[in-house]
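The structure appears right after this line, and notes come after that.
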Amino acid sequence: MRSGTDVFAVSAHCSHYHGPLADGVVVDGGVRCPWHHACFDLRTGEAVRAPALSPIDCWEVEQRGDRIYVKSKRKAAVSKAKSAAANAASRIVIVGGGAAGFAAAEMLRRRNFGGSIVMVSNDGAAPIDRPNLSKDYLAGSAPEDWMPLRPDNFYAENDIDLRLNVEVTGIDAAKRTVTIAGGGTIPYDRLLLATGAEPVRLPIPSADLPSVHTLRSLADSRAIIAATNEAHRALVVGASFIGLEVAAALRTRGLQVHVVAPESRPMERVLGPQLGDFVRALHEDHGVVFHLDDTVTAFEGHRATFKSGTKLDADFVVVGVGVRPRLTLAEKAGLKMDRGVSVDESLRTSDPSIYAAGDIARWPDPHSKANIRVEHWVVAERQGQTAAHNMLGLDQRFDAVPFFWSQNYDVPINYVGHAEQWDEIAIDGDVAQKDCVLRYKSQGRVLAVASIYRDVDSLKAELAFEQGREP
Ligand SMILES: Cc1cc2nc3c(=O)[nH]c(=O)nc-3n(C[C@H](O)[C@H](O)[C@H](O)COP(=O)(O)OP(=O)(O)OC[C@H]3O[C@@H](n4cnc5c(N)ncnc54)[C@H](O)[C@@H]3O)c2cc1C
Ligand code: FES
């Protein structure tokens with residue numbers, strides 16, 4: 001790979017999901033992966049941008065005349081300049097073992113933080129690859145060992161005190177302690193809140209039946225997989241990203257799948273009518289039956305009744321009607337709130353010892369020039385990493401362009417930027433042919449770019465946003 005006049009030899013595949021790095025884009029001595037926009041330093045191999053967390057291999061290269069010789073493999077290295085900064089705070093507590101919490105803990109140790117790290121999670125599973133819970137894992141094509149973000153021994157080996165099945169119930173900001181359920185406190189010098197979000201439940205009779213599922217955790221995904229045994233028909237409530245990914249995964253398992261949702265087009269609110277129609281047609285081609293402009297009003301045993309009067313029998317139900325950020329701890333601690341936990345550009349809350357990252361954080365986004373909160377895996381990880389640097393006193397600004405992807409069957413949709421509203425969608429290519437870039441504009445300005453199988457365009461759009469150019 002070339003960056004300016006320099007030539008580098010690195011692994012061909014991304015350490016996240018093996019994306020082909022040769023199809024990516026080289027920017028400032030780093031190669032960006034075409035699939036989910038991870039970035040690797042070409043000199044060291046370090047994964048400098050999530051979602052990749054592990055380095056790629058690098059080889060020594062020698063240029064002699066017009067020939068390039070690839071020699072021995074280099075030892076993995078991280079940027080030493082930053083490693084030195086280590087010990088601003090000696091006790092760091094992280095509440096949450098998800099994307100942001102894990103990425104923070106991993107980065108703290110990557111930067112040689114020598115103090116204590118306690119990571120508390122009320123989940124029973126160590127940090128996992130949550131996006132996969134509704135994709136390959138649910139479809140049955142991802143083995144168990146793909147799911148943990150790191151093997152179990154990672155935590156002990158890196159001196160990360162991971163406490164699973166432990167609920168944090170309160171924060172005493174004056175004493176700098178967190179309280180855990182059942183009694184006991186944990187002191188901190190810096191605290192990271194990364195409590196994520198929880199599925200919204202349907203406020204209707206019998207929504208708590210055992211056959212009615214939501215999906216957030218590994219246990220939830222396993223429960224749905226168990227329900228597929230001997231099941232013939234599933235009902236998905238909600239045409240959200242998660243709902244539709246679940247529909248695709250269950251079709252892959254050969255179940256009949258019905259989707260009921262109040263909107264007239266799936267995903268229209270986020271992706272617009274063209275992609276909404278495309279996604280609907282894609283699912284219908286795979287045999288999904290939609291009941292749009294409709295909702296469930298009650299469950300009785302295995303029978304769902306819709307507002308329209310339709311009754312549908314299903315062996316089990318998956319409800320994907322959105323999530324709600326888990327804000328109780330921050331609210332009770334008296335932190336400044338703004339439809340989420342309000343943070344500054346360094347992800348610090350109104351209490352200088354407390355940071356927030358991931359689905360709960362509303363931050364000043366320099367690209368949209370608005371305070372935004374999103375529910376994206378890559379954003380949560382990158383925020384966890386920025387918070388880690390700032391807890392070490394490294395003064396890093398969170399200025400990443402929001403990015404998310406979704407996958408239905410074999411069709412990925414990538415999205416960069418942030419557009420809550422737009423007045424125009426400019427389409428380049430052909431949506432039906434799965435070869436397109438959609439630019440969401442407001443008063444002529446591009447706010448976000450969605451694409452299907454136009455990975456380089458998506459990377460270039462991200463770069464343009466970063467550089468303040470029109471993508
Ligand atoms: C099925 C599914 C598929 C998804 N697919 C995609 C995708 O394709 N692309 C994308 O961009 N995003 C996707 N997302 C969204 C993405 O996973 C989230 O944005 C991301 O996980 C947010 O990270 P987080 O660290 O803020 O929260 P989480 O990852 O939810 O982690 C929060 C953690 O906090 C713990 N916790 C909460 N409260 C407490 C407490 N009081 N005490 C102790 N622990 C607590 C929880 O147990 C959990 O471990 C998906 C989400 C789901 C559920
Ligand atoms: S495969 Fe490279 S970022 Fe996901």
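With a 1.4 Å probe and all protein chains left in place, how much accessible area per residue does the range 1-155 have, in Å²? Walk me through the intermediate numbers first.
On the way: 6700 Å² over 155 residues.
Result: 43 Å² per residue.
Overall, the accessible surface of the chain at a probe of 1.4 angstrom is composed of carbon and sulfur to the extent of 47 percent. If only the Cβ of Lys and Arg carry +1 and only the Cβ of Asp and Glu carry -1, the dipole of the range 1-72 around its Cα centre is close to 60 debye.
Relative intensity of the range 419-471 on a log10 scale, I(q)/I(0) at q = 0.30 Å⁻¹, equals -1.17, per a Debye sum over C-alpha point scatterers of equal strength in the absence of solvent.
What number comes out for the charge environment of G140, summing +1 per Lys or Arg and -1 per Asp or Glu over other residues with Cβ under 13 Å away? Write down the numbers at each step before the final one.
Details: positive: K135, R222, R251, R253; negative: D136, E144.
Net local charge, G140 excluded: +2.
Largest accessible area first, the listed residues H376, H13 line up as H13, H376 when surface is computed with a 1.4 Å probe on the assembled protein chains. Using a probe of 1.4 Å, the accessible surface attributed to W35 totals some 100 Å² when neighbouring protein chains are kept in position. When the surface is traced with a 1.4 Å probe over the full set of protein chains, H232 keeps roughly 130 Å² accessible. Think of the chain as having a plus end and a minus end, set by charges on the Cβ of Lys, Arg, Asp and Glu; of A231, A219, G254, A219 sits farthest toward the positive end of this dipole.
Dipole check for the chain: with +1 at the C-beta of Lys and Arg, -1 at the C-beta of Asp and Glu, and the Cα centre as origin, the magnitude is about 1020 Debye. Centre-to-centre separation between the Cα atoms of the range 290-362 and those of the range 415-471: 27 Å.
About its Cα centre, the range 184-279 has a charge dipole of approximately 120 debye under the convention of +1 per Lys or Arg Cβ and -1 per Asp or Glu Cβ, with nothing else charged. By the Stokes-Einstein formula, at 1.567 mPa s and 4 °C, the chain with its Kirkwood radius over alpha-carbon pairs has D equal to 55 µm²/s. Selection among S240, G276, L312 by position relative to the dipole of the range 232-319 gives L312 as farthest towards the positive end (Cβ unit charges, Cα centre). In this structure I427 has an accessible area near 80 Å², from a 1.4 Å probe over the protein heavy atoms.
Taking other residues whose beta carbon is less than 13 angstrom from the beta carbon of L282, and scoring Lys, Arg as +1 and Asp, Glu as -1, yields -1.
Extension gain for the segment T305 to Q421, taken as residue separation times 0.36 nm less the Cα-Cα distance, is 38.4 nm to one decimal.
Cysteine residues of the chain whose C-beta has no other cysteine C-beta under 4.7 angstrom: C39, C58, C436. Each part reduced to its alpha carbon centroid, the range 231-268 and the range 1-76 end up 39 Å apart. Rounded to the nearest 5, the antiparallel percentage of DSSP beta bridges internal to the chain is 65%.
The values are calculated or read from the model by the stated rules, or taken from the named source; none is laboratory data. These figures come from a predicted structure and were not determined experimentally. Ideal geometry is used to build each Cβ from the backbone, glycine not excepted, and the neighbour counts take in all protein chains shown. The accessibility values were calculated without ligands, DNA or RNA, using every heavy atom of the protein model including side chains. Shrake-Rupley method; radii C 1.70, N 1.55, O 1.52, S 1.80 Å.
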